[in-house]
Amino acid sequence: MKHFSLMLAMVLLICSTALAQRTVSGTVMLDGEGEAIGANVVVDGNEAIGTVTEYDGTFTLDVPADAKALKFSYTGFADQVVSIVGTDKLSVTLAPDSEILDEVVVIGYNAIKSDKISTGVSVVDAEEIQDVPVANIGNLLQGKSTGVQVTSANGKPGGDTYIRIRGVNSISSSNEPLFVVDGMQVTSAVYNAINPNDIESISILKDAAAATIYGASASNGVVLVTTKKGSTKKQKAQITFKAQYGFKEKTRDPFDMMDVNQKMDYETEMFEKFGIGNATAVANYEDPDFRDSLQRIAGDWQDILLRTGTFQSYDLSAGGGTDKMKYFASAGYYSEEGIAKVSSFDRMTGRINASYQASDWLTLSNTLFVGRTNSNELRDRNNVQNPFRAMYDYNPYESEFILNSPDASDIVYDPDTGEPVYNLTHQGFSISEAIQNNPENEVEHHILGSLAADMKILKVAGLNFRTELNGNLRTYERRYFIEPGSVLDGYVGDPENPGIGTATTSRRWQYTFRNLLTYNKTFAENHNTNFLVGQEFIDFDSRLTSVSGRGFPNEDLYTLDNAADIYNGRSTVYEEASLSAFAKIEYDYKSKYLASFTYRVDGFSGFGSANRFGHFVSGSLGWNIHYEDFLGEALKEKISQLKIRLSVGQTGNNSGILSYDRLGTIASAGFAGTPSLEIDRAARQDLRWEKALSPSLGVDFGFFNNRVAGSIDMYYKKVTDLFSPEQFDDPDYDRSVVGNIGEMKNRGIELELTADIIRNRDLDFTWTVFGSWNVNDNEVLSLPDDDGNPETPSTIFNDPTIDRVGLETNTFYLVRSAGVDPATGDELWYDADGNITNVWSGDDAVALEGKTAQPKYQGNFGTGIRFKGVTLNASFYYQLDSYVMNYMASNMLSDGENIASNQRTDANNFWRNPGDVTDIPRPTGVSYTSDRFLQRNDYLRLRDIRIGYTLPLKKVKFLSSVNVFAQATNLFTVTTYDGDPEVGIGSDEAAGDPLPGQFALYSYPATRGMTFGVNVGF
Amino acid sequence: MKKFKYIACVLFALMISMTSCKDKLDLLPTNELETSIVLVSPSNFELFTKGIYGHLRDNYTSLYTILPDVMSDNLIIKQNGRKSLQTYYLLLTNSENTYGEIRTFSHRVIFSANTALENIDVLEDGEYKTNLTGELLALRALSHFDIAKTFAKTPSIGADSDLGIVYRTSTSVGDNDSRITLGETYTNIVADLEQAKSFLNDDNGLGRINKFTVYGLLSRVYLYMGNAEKARENAQYVVDNSPYEVTPMASVNDLWDNVYFGSTLLSSLVDVQDDIEMGVNYGQTGPTGTKSEYVPDFGFYNLYSDSDIRKTAYFETSSFEGNDYNHIIKYKQRPGAPANVADAPILRMEEVMLNLAEAQAQLGNDADALASLNMIRTRRYSDFNFVNQMGQDLKDAIQLERRLELAFEGHRFYDLKRQGLGFTRTNAGDLSDGSGTPPPASALSLSAGNFRYEFPYAQRSLNINPNLVQNPGY
């Protein structure tokens, strides 16, 4: 084939000499991937003349006689300009983009070359997050950037994630970073609805100087998501189809639950020795026939309530462009059947991003995303309606359905309905009945789009004006139906009006109107400057209606028009607005010396007129040492990159402050079914932003053509004016009012290192290892009424944690366990003074210095191997020195308190005789709260391992690439914790908003999974 | 060049439009009104006063009604319940585990009443204004009394110079945030009530305070103060002048079904829309029976004789998880309403009658006291036989009847406290036959005068208000 094209090229060359032009031909290779199919080839300086390479990588192009060079480009690879002076035949190999330094990074309202960045920004490329079998973007960031802690809230399909950038910065306000998708500030519900396959890149603005441009919303860092836009370089459409199918299952518990005999024996011994439990049941156990019948029931509630989850995802996209137009379009479908029966999540998405150069001064562009998610939810709160608790609590001798006694084999069927009759267990409830008969469904629709016009104005080179309108519409519908005749209806319903249905609909609309003026100018050849000035107005408006009905004739008639009685109706309106102006100057001298300055002023409707506007300033300096001539050629050869960054910036936090918090208000209420007015809260006109000031120092390095590369960052962050919802309470008027009350600091170090141990182009073999590590240290610096005396530090109690001056925020505050007295079997505690006692008292709780849910150290490491078409990647995540209050263990090792429920097998290791050394005390029937179940949570987890193979496809004309892969997630874990270590929320509907990982209380279990997929390019 | 002028115009227009956005930051809520604009309109006073009763309802449908039984010898925790309020049951209250809730709603009532009183002159002088002023003063006094009986000693056993509470007569924060003496506290409570008495109408409708309510409350307050003569005087006034009666035996069930109101001097009306299910504090009933949180102390339960209508009106013995329990059904369900929705009693004629009997007995007037007591007993026991009781016997009989009649209505703990008594729970379990898990030894009794009779202020409140002094013992 090559010979043929060579000959063809020669023929063409001969033919074309007659014209005032000539023909150039050749082959384009992609480093490590073989021939480039569809690579762009244009005349350098005249991009109107060009072509794309054939399926075998060859091209032939007629070029004007004066053409000096050709420019080659291909997605994911660096552009290359090759001289054609004196030659008509070229052999070009394009290097992957990641190996070059001049990639352009989105940093907030603009994008600059990475070597000119002097602030702390991490970039996650699309490539790094592709094919991960989770539904949302938040999860994809796990382990992708040092200093960015990502914890799944739980294992729910489509579930949320917690993201913490450089520690916890607020006591009572949000600690989530600001998410910006294509210029639009969005909430987690919106970014989680986006199709991850649409993402081009994610920039994480970690330090304050980088984030200042987002001012008042940025103190927790900023995550900038940029979606694919197509490319003018790709005349030929890049069509990609991706398909995935996989399985998930619950991660294994490091403990066992009692089986039928163990539980019966345990109950018997507990009753006989300590009088704990149910006399009748224990008497029955002595009857061999009864015992026998229970043994026949023997079931595993985890088997009854859980299943192997499955998920599938399909994605079809097309991107490309002409010299005047770029486009990217995609359609995606993701569907997951959760590991807990009934739970499911599916998502349909579509996107069209396009831009069109309408004239020499005007470019019009849009992004448009539409999506729909549909999920079947399970109750996730710590009560009998929670299947994740029931699967531990229900006894192995309790059957799912009522069985014919005494044989205990046949299921009893309801003579009316023909349905099996559920066994209402010791809790008076059947969770397997509830998940069937109390369905809860949530549907969301999302539209996220923008229209923008870029204008080159006044014929001044580099002067551009952009006006942009973004809109985000999100609707949410929740339907919850307690079917008539269901068990729950028996508890909460009205027998005269059976069944309760609730329908909630909310609609959120946010628009952003933004104007940006940018001016890029190089003065005196070497002084490069970018100026940016902008204004932004964000308006948010949310409406909710909710209504309940009761009295349903039938379980199939679930809409509320079937209800005999409509009640609990309400509708609400909430609005929020912010108005901002900002300016940024970036300067560099020969790319060697860098400086930037940013200023933003933000106005927010939640603050009173006195403090409505907040001002935020930052500056940064950078030095690209590797561009310095004094290094000498020898050193320059070895040092591919060496940059020092120094920055300081201010940011703010206003999340959690509502538009009307500034006002003292009286709210409408009801009294005996008639309207009334109630005092709601006092005015806080002086409420103002939480402010963070953070200096940070960083070094980026790369040696030996970036075979070894990495970065070191150090930061300090002081947050002042912390919000607290209660500290300004009038003690004799306890309505909660938000006020600014304290200060805290975070400081830390982040390291990142990547090394190509083997990089052999000839063998097409690379072996890369990478790792990251960071340490973060938090301390509360001040709280109200601090008298400065270290003996009496000011404290806020949150149960089971405190905020206290001098300690980390959310330090656990508990009675200290002192084990078990071997002589008596008594559970022992330390009193407040450190003396051992066998009398528990809540007064003996103390601050457990250094013990919080926030890990002190965390990071990741992994490896990647590429040999010819085969890739193998593995990444591990680790965290050290965090603590979890394990209420689940406390309930399952309850010293007799929860004897009616199943217990862990090790509950049986209780103290029996003097001299026994055990950590399970002599059962008293009461379980006391102490740090006995506060567990250290160090863990290491094989987050994912992926093997992929790119098929050699030279002969297949219509295909450009086919890649097949298999990927496993959470395959392997080691932990000091007594459960799955990735603890997010304790329980979805649990009161309060503790730190992620603060306690475990039966939420949707974490999963491990296996996925198979194929990515095809046309 | 024209094009650029055009563009310049567009840019200018955009800039202007952004500036006008500034006004859009002044957003106002749709379900709240700014405080400053509410109490300038007379019509809002009525709505606002109803809102204060809403706060009162929030109080009496929660802790004030159940805690005095949980923290005494009337209730014991059911082992397989949800263990709600366990800290209180185990007598382990401290400044960090007893949050401010018990005071919260009282303070809302007080703050709101003061807000309204400060703006009362918006109303035209006349009967409406006078009566409303009386209601506001009574609401303020009742809520202060609720705090005082919980956080301070009662004057009947304490000295006037003992710690009282913060008594607020204005909304300004920080003016009066120290605890005044016990004597001053009760002087203020009585002053507000006595003033209210003279302002109020005879009838303000169900759920609203009227003149007789205040007389009835004063009979209670004076008993807490150890002033039998005044207690008798106020109770006697209600008995002699008011239309209220002791609930006849035939209506006892109707009373708890919220369809009979003949004895109700004041109750917190709970509407279905309020989403308040006070019965849940005691237990929830489902297809497998009632899952109780608390069940009666076994010894206490046995004080109800089979001929006592209250035994079936207050209790139901049924099986749950294979065991029989005595469940409390006083607030289980109003017919036609969702489960556990019921009104919360605050003051009923039976208490006034018992206050009268107690005061009469204290004053040595045994004959009258016995007659008052029998007003209750004849309406409760199907086999009531007149017995002539005197002296201490009579006093004991009055207290017994009070405990039986007013069980689960927020009295027991305070009745023990004001008489300087301790209590001992029955060393029996939570099952209907007294088997099961008894209270732990540490929570079996509370000695007379124990410091836990005065609740601890929440640490949070102490942190915020350095003038607030914690009660001894915590």
Tell me the label-point distance for the pair A:D777, A:Y511, using the 7 Å Cα-to-Cβ offset, in nm and rounded to one decimal.
5.1
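I'd like the FRET efficiency for B:S43 and A:D565, computed as 1/(1 + (r/R0)^6) with the beta carbon distance as r and R0 of 35 Å, rounded to 0.05. Can you show the working numbers first?
Details: r = 31 Å, r/R0 = 0.88.
The formula returns an efficiency of 0.70 here.
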Using only the Cα atoms of segment A:424-562, build the gyration tensor, take square roots of its eigenvalues as a ≥ b ≥ c, and label the shape rounded, prolate or oblate: rounded if a/c is under 1.5, else prolate if a/b is larger than b/c, else oblate.
prolate
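Trypsin sites (Lys or Arg not before Pro) within segment A:929-970: which are DSSP loop residues with at most 16 other Cβ atoms inside 10 Å?
Details: sites: A:R932, A:R936, A:R941, A:R943, A:R946, A:K954, A:K955, A:K957; in loops: A:K954, A:K955, A:K957.
When the trypsin sites (Lys or Arg not before Pro) of segment A:929-970 are filtered for loop state and at most 16 Cβ neighbours within 10 Å, A:K954, A:K955, A:K957 remain.
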Under 17 Å from A:K229, Cα to Cα: lysines that are on another chain or at least 8 residues apart:
A:K324, A:K326
Enter the accessible area of A:T863 (Å², nearest 10), with the probe set to 1.4 Å and all protein chains included.
40
What average number of partner chain Cβ atoms lie no more than 10 Å from the Cβ of the residues making up B:32-44?
4
With a 1.4 Å probe and all protein chains kept in place, how much accessible area does A:R466 have, in Å² rounded to the nearest 10?
60
Mind ranking A:K250, A:K643 by accessible surface for me, highest first, 1.4 Å probe?
A:K250, A:K643
B:L206-A:Y857 pseudo-label distance in nm [points 7 Å out on the Cα-to-Cβ vector]:
6.9
Give me the extension gain from B:S172 to B:T317: residue separation times 0.36 nm, minus the current Cα-Cα distance, reported in nm with one decimal.
47.0 nm
Which lysines have a Cα less than 19 Å from the Cα of A:K638, not counting those fewer than 8 places away in the same chain?
A:K592
Working out 0.36 nm times the residue gap between A:K868 and A:N441, then minus their Cα-Cα distance, what length gain in nm do you get to one decimal?
149.0 nm
Residues in segment B:400-414 near a label at B:N365, defined as backbone nitrogen under 15 Å from the 7 Å Cα→Cβ point?
none
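Hey, with R₀ at 51 Å, roughly what FRET efficiency would A:W767 and B:K83 work out to, going by the Cβ-Cβ distance, to 0.05?
Numbers: r = 57 Å, r/R0 = 1.12.
Efficiency at R0 = 51 Å is approximately 0.35.
Take the residue pairs A:K456/A:K643; B:K83/B:K395; B:K153/B:K230 and return only those whose Cα atoms are more than 25 Å apart. Could the numbers behind the result be given before it?
Details: A:K456/A:K643 33 Å; B:K83/B:K395 35 Å; B:K153/B:K230 20 Å.
Listed pairs above 25 Å: A:K456/A:K643; B:K83/B:K395.
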Amide N of segment B:346-370 lying under 12 Å from the label point, which is placed 7 angstrom from the Cα of B:N388 along Cα→Cβ
B:367
With DNA, RNA and ligands ignored, accessible area of B:T35 (1.4 Å probe; Å², nearest 10)
40
I'd like the distance separating the alpha-carbon centroids of segment A:308-345 and segment A:104-144, in whole Å.
20
Set of lysines near A:K250 by C-alpha distance (under 22 Å), chain-local residues within fewer than 8 positions excluded
A:K156, A:K341
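Ordering B:H144, A:H426, A:H445 by accessible area with a probe of 1.4 Å, largest first, what comes out?
Accessible-area ranking of B:H144, A:H426, A:H445, largest first: A:H445, A:H426, B:H144.
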Could you do me a favour and compute the accessible area per residue for the protein assembly as shown, 1.4 Å probe, result in Å²?
38
Can you give the FRET efficiency for A:M1010 and A:F704, using 1/(1 + (r/R0)^6), R0 = 60 Å, r = Cβ-Cβ distance, to the nearest 0.05?
0.95
Return the Cα extents of segment A:19-65 along principal axes one, two and three, sorted largest first, each rounded to a whole Å.
36, 18, 13
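If eta is 1.306 mPa s and T is 10 °C, what Stokes-Einstein diffusion coefficient results for chain B, Kirkwood Rh from Cα pairs, in µm²/s?
Numbers: Rh = 24.1 Å.
Calculated translational D: 66 µm²/s.
Of all accessible surface on chain B at a 1.4 Å probe, what whole percent is carbon and sulfur? Each step should come with its number before you reach the end.
Values: 8790 of 16930 Å².
Heavy-atom surface of chain B belonging to carbon and sulfur, 1.4 Å probe: 52 percent.
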How much length is gained on full extension from A:D416 to A:T976, taking 0.36 nm per residue of separation minus their Cα-Cα distance?
196.4 nm
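The values are calculated or read from the model by the stated rules, or taken from the named source; none is laboratory data. As the structure is a computational prediction, the values presented were derived from the model and not from experiment. With ideal geometry, Cβ positions are generated from the backbone for all residues, glycine too; neighbour counts draw on all protein chains shown. Heads up: the accessible areas ignore ligands, DNA and RNA and are worked out on the full protein's heavy atoms, side chains in. Shrake-Rupley method; radii C 1.70, N 1.55, O 1.52, S 1.80 Å.
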